[in-house]
Every structure is written in structure tokens, then in C-alpha cells.
Amino acid sequence: MNFKDLSLEEIIKKINSKETTREEVFEYFIKRIDKYDSKLQAFNFVNYEWLNKKDWILSWIPLAIKDIFCEIWVPTTSSSKILTDFKPPYNATVIENLLKEWASSLWKVAMDEFAMWSTTESSAFKKPFNPWWNNRIPGGSSGWSATAVASWLAPAALWTDTGWSIRQPASMCNIVWFKPSYWRNSRFWVMAMASSLDCPWTLTKTVKDSALLYDVMNWYDPKENTSLPWKDLINPEIWNKKDLKWYKIWVPKEYFEEGLDEWVRNRIEEAIMKLQELWAEIKEVSLPMTKYAIATYYIIMPAEVSTNLSRYDGLRFWHNSTEDYNSMDELFINNRYEWFWDEAKRRIVLWSYVLSAWFYDAYFKKATQIRTLIIDDFNKAFEEVDAIVSPVSPNVAWKAWEKINDPVKMYLSDAYTIPASLAWLPGISVPAWFAESEDEEKEMLPVWLHILTPRLKEERLFEIAYVYEQATKFAEKIAPWFDN
Ligand code: GLN
């Protein structure tokens, strides 16, 4: 059976109605990986051992897993050389919850090193690849999770999003991104980048598939002190909805100012008109603190990174190479120098500075205060409105290696996604058709619309996104590079 054009929901239905078996599904995806991964190079590790397991209860649906989720005795590297041979002694709770239900987590897809950067160029092991135009980036840090799903190497993927890490890859590869409120899940044994922002969740082909995984994955974890002590379930009635009557959806004007590519703007405006056709009430709103979001994020996030990465010294999680040292400090320095990529070193050095006793108040404390004002902006808006929409990114996927030496340019492309991360909001992105690249190639690339709702209002998100998705069907277009 060919599962390529089927959503996760459809595959599960076919298994339940005995039209296919779990083994067949599993073998289908393994075969696709064998066939395409030599070209795509998406996977750091493929767990073929599952094929020999008798216990198929654990292996209904194979998911592509970002190499940041720890899985017991399975190589987990965060695409960093410093973790080359690391095999964790625990499962991440997110993985455990999926295993309990019906998924198998067996394939570790490449990513930007420790989820920093935005293009998958910083992976120690794999190169970026966009299934629409393969000389372009798939976004990052979860670029390979997105490429794997867009190329049907897996029916869905597990990723983490800190600032933009999956919204961008999902939209650059034309698949559905969804993130719940910060407290809906567990970060336990997910390698930490910036703990007050990291949010693990899923990438799927359809909005309904996201909701399906949401029902499974949002769960209380006693080992995670930020997880909510109750489970949320989506009311299936929402899938009957055909329009957005009575919904008040606002468009923040700050997201349409300087820096937004003209083509992207046009597509997003068309998408907003579509929402209006579906009877949503659209209004312009101001979120004045938006202009401080990038600066705030790029103080808080790397400061947390510099703390979290301090556990990697080349000894504790292994990758000690050097014999030539006179002290422990020198050993750690040598290892970090040799095994971290440039961005990790940059963040550790620069952002340790903002946490230092002399500069803490001027930078880190100020940034946390501004974060509160950004949250207040959203809270105020949500007193009057049901949802907020914006572009996901100011531009379409750019050429690989084009911005590699310009981190600031890279940071600026996070402008529309990080305010929501700082405010711990749930969000989803849906397709807004295709736009031309800014360069001379003028290649057509996907553009996506970002939808946000207040905290803990995930059901409303699914409802809006589903109605829009059904009315447009843009995501059904298939990436051109491989066998359609
Ligand atoms: N561009 C962001 C960064 O480099 C992406 C982080 C993320 O969401 N993982 O920090």
C-alpha cells in the first residue's frame, strides 16, 4: 500500500479497519528512508532494530524525532560533535507518552547544533536541504524534522521550538506547525537550550493530525515542575465547523512594517482576506512592545544557553579527545574549543557576560522586565480579541550558506515568532500560498500565516486553522524534488 498521500489520521484509520497492518506502515517508511536518505541526509540515526522486535504494540506509527529528545540507549547528539557517542540512560517523557499510546520513536533527524541557528547549517553531521529547492535552507533548528515530513520519510515529526525553530522550517517546507502553551508538556530529558522558552511538540501534514498528537502528548509530568496537572482534550465537534463567524481576529501593524518582503506581505494579506471571506471580523491592532522582542530574546535566550551548555565539558557526556592539558580548566577549554561549532562558542562567551555580576542588572534583568511588558501587550489585546495573525517569517527560504557569516541578519528573521515564545502563547501556522524568492532565481516558495490565541486556548487555534485549511487546501501541494 502507498501511504505517501495519507495523513496520520488516515493511516491510523486504515490500521484500525484492518486495511493495513502496523508492520506494513513501518516497513513502508523504512524503505522510503533507505531509498531517499542517501540524497537527503536527514537522519543522524535510524533504529533498524525495531524491525526485529516482536512486540509491535510499541510500533504503530514511526515518527521522525529531532536528535534532541533522549531515548534510552539510542544515540542522541543534538547534532553536536561533543555528544558524538552519547547514549542517554533515560527516555524523555514526551517520547514515553507517545510510546505508551501508539507511536514508535525510532529515527533521529539532524538539526542545528543544540537547536541554535536558523538554517540547519550548524549541524555537525548533515547539510541543509529544502525539498522545494534543494539549494535553499529548510529553516532551522528543526530543519530536518520538516524536510523528513515534507518528503514523506515520516508521517509526522517531533521537534522543539525555542524562538522560531519549527515555525520557520514548517513554513519553508510547507507543512503544519503547532505549539501549545509552554506548560502543556514536559521538557524532562529533552536537551535544554533555553529552558524558559523551549517547547517540544509536533509537525504534521494536516491540522487534524496536530490535534491528534496534541491529545496524546499533553500530559502532566511529576518530574517537570512547569507542567500542568491536568490533561486537555480537543472537542471533536470543532471539525464540523465551516466558517469563522463571530471570531475577532486582529492583525498587529508592527508585523507589517520595515523588513517584510513585499511578496510575503501580499500573500499574507490575501490569506487575511480569506479569513474575512470565512466571516471572521478582522481589525488592525498595535502591539507596541514588538520592536523590543528581538533584543529581549537575544539576551534571555543565549544567557540561558550559556548556562545550559556549561554541562558539556567533554568528560561528563563524553567526547574527550585531548591528552594535552595541565589542568581541568584547560581540558574543558580544549574540548569545548574543538567540539562546539562557532555559534555555541559565541553564545557561551558573549552571553556569560550579560549574566556576570557587573552587567546582570543592565542586561539580563532589564530583558526580563521587558519580557513582562511584551506579555502585557498580548494580554491586553486578548481581552478584546480571539486570535492574532501575522506572517511567520519576513522572507521565504534563502539560499544555503548565504547568511552563514552574518548572525545578526539571521537573528532578525525571527522577528515575528519570538514575541509569542517570550509570552508562552500557543500558536499554529497554516499555508498562505507561494511567493517568489527575492534573489535573481525568482523561485516559488511557500509562505505561511502564523495564528496565536491566548494561553491554554489551543482548541480555538485548531478550530480557526482547520476552517482555513479546509477552505484553501494549500498544504496539499507536494514538494517538487522527488517522486510525486
Ligand atoms: N533562531 C533561533 C536561535 O538561533 C532559533 C532557536 C530555536 O527555536 N531553536 O536561537
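Inspection of the range 424-444 finds no residue satisfying the criterion of being part of a loop (DSSP other than H, G, I, E, B), closer than 21 Å to Trp201 by Cα, of a type in the set (Ser, Thr, Tyr) and within 15 Å of the ligand (Cβ to nearest atom). Looking across the range 214-223, the residues that are in a loop (DSSP other than H, G, I, E, B) and either within 19 Å of the chain's Cα centre (by Cα) or surrounded by 18 or more Cβ atoms within 10 Å (Cβ to Cβ) (or both) come down to Asn218, Trp219, Asp221. Of the residues making up the range 269-305, those that are in a helix (DSSP H, G or I) and in contact with a Phe, Trp or Tyr (Cβ under 8 Å, 6 or more places away or on another chain) number 12.
Looking only at residues in the range 368-421 that are surrounded by fewer than 16 Cβ atoms within 10 Å (Cβ to Cβ) and of a type in the set (Ser, Thr, Tyr), which one is farthest from the ligand (Cβ to nearest atom)? The qualifying residue farthest from the ligand (Cβ to nearest atom) is Thr372.
Residue under question is Pro222, and the condition is that it be within 15 Å of Ala92 (Cβ to Cβ) and free of Cβ contacts under 8 Å to residues at least 40 places away in the same chain; does it hold? In short, yes. As for the range 387-406, it holds no residue that is modelled with pLDDT under 95, part of a helix (DSSP H, G or I) and not aromatic (Phe, Trp, Tyr). Within the range 285-297, no residue that is within 15 Å of Ser393 (Cα to Cα) sits with its Cβ atom under 6 Å from a residue that is within 13 Å of the ligand (Cβ to nearest atom) and of a type in the set (Ser, Thr, Tyr) at 6+ positions apart or across chains. The set of residues in the range 297-319 that are hydroxyl-bearing (Ser, Thr, Tyr) and within 16 Å of the ligand (Cβ to nearest atom) comprises Tyr297, Tyr298, Ser306, Thr307.
Considering (1) under 19 Å from Gln168 (Cβ atoms); (2) without any contact (Cβ under 8 Å) to a residue 24 or more places away in the chain, the lone condition that Glu257 does not fulfil carries the number (1). Beta carbons closer than 8 Å, at least 6 apart along the sequence or on distinct chains, never pair a first residue in the range 301-314 that is free of Cβ contacts under 8 Å to residues at least 24 places away in the same chain with a second that is within 12 Å of the ligand (Cβ to nearest atom) and assigned to a helix (DSSP H, G or I).
Restricting attention to the range 294-328, report how many residues are small (Gly, Ala, Ser) and more than 26 Å from Thr162 (Cα to Cα).
Going through the range 294-328 one residue at a time, the tally reaches 2.
Among the residues of the range 452-473, those identified as within 21 Å of the chain's Cα centre (by Cα) and of a type in the set (A, V, I, L, M) are Leu452, Leu456, Leu461, Ile464, Ala465. Figure legend. Inter-residue proximity from the range 15-28: first residues on the phi < 0 side of the Ramachandran plot, second residues among the small types (Gly, Ala, Ser), beta-carbon distance below 7 Å, spacing 6+ or different chains. Indicated pairs: Arg22/Ser59; Phe26/Ser59. Taking the criterion of being at pLDDT 90 or above, surrounded by 23 or more Cβ atoms within 10 Å (Cβ to Cβ), touching a Ser or Thr at 6+ places or on another chain (Cβ under 7 Å) and not in a strand (DSSP E or B), the only residue of the range 157-184 that qualifies is Thr162.
Considering only the range 75-97, I want to know if a residue exists there that is touching a residue at least 60 places away in the same chain (Cβ under 8 Å), within 13 Å of the ligand (Cβ to nearest atom) and surrounded by 24 or more Cβ atoms within 10 Å (Cβ to Cβ). Within the range 75-97, one or more residues are touching a residue at least 60 places away in the same chain (Cβ under 8 Å), within 13 Å of the ligand (Cβ to nearest atom) and surrounded by 24 or more Cβ atoms within 10 Å (Cβ to Cβ). Taking the criterion of being surrounded by fewer than 24 Cβ atoms within 10 Å (Cβ to Cβ) and on the phi < 0 side of the Ramachandran plot, the residues of the range 431-444 that qualify are Phe434, Ala435, Glu436, Ser437, Glu438, Asp439, Glu440, Glu441, Glu443, Met444.
The values are calculated or read from the model by the stated rules, or taken from the named source; none is laboratory data. Bear in mind that the values here come from a model prediction, so they are computed numbers and not experimental data. Cβ sites come from the backbone with ideal geometry, for glycine too, and all protein chains shown count toward neighbours.
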